[in-house]
Amino acid sequence: MLEKALNHLTEKIDDKVQRLQESLGTGSAKDYSDYQKMCGEVQGLLTARLFIADLAKNVENSDE
């Protein structure tokens, strides 16, 4: 159950990162400040994704 929830959360994060990257790629940032905000959001989401991957690995190893 926990693994399923972590996978779902990872998918949601991946979707959001992809949307942000597409927006950055199309030049939708209004100004440099908006660009920095979007880049920071991507960085934060990718960091959260790493934490979730570590947690999933720890949960998997604790089941053994």
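The values are calculated or read from the model by the stated rules, or taken from the named source; none is laboratory data. For clarity, every value in this text was computed on a predicted model and none was experimentally measured. Here the Cβ positions follow ideal geometry from the backbone for every residue, glycine too, while neighbour counts run over all protein chains shown. Ligands, DNA and RNA are stripped out before the accessible areas are found, and what is left, the full protein with its side chains, is counted by its heavy atoms. Shrake-Rupley method; radii C 1.70, N 1.55, O 1.52, S 1.80 Å.
Read through the list (1) touching an Asp or Glu at 6+ places or on another chain (Cβ under 9 Å); (2) modelled with pLDDT of 95 or more, then give the number of the only condition that Glu22 fails.
(1)
Could you list, in sequence order, all residues of segment 40-64 that are open to solvent by 50 Å² or more (accessible area, probe 1.4 Å) and touching a Lys or Arg at 6+ places or on another chain (Cβ under 9 Å)?
Glu41, the sole residue that qualifies.
Filter segment 1-39 for residues that are outside any helix (DSSP H, G or I) and open to solvent by 80 Å² or more (accessible area, probe 1.4 Å); which is nearest to Asp54 (Cα to Cα)?
Narrowing segment 1-39 to residues outside any helix (DSSP H, G or I): 1, 26-31.
Checking which are open to solvent by 80 Å² or more (accessible area, probe 1.4 Å) leaves us with 1, 26, 30-31.
Details: Met1: 17, Thr26: 32, Lys30: 35, Asp31: 35 Å.
Looking at the filtered set, the residue picked out is Met1.
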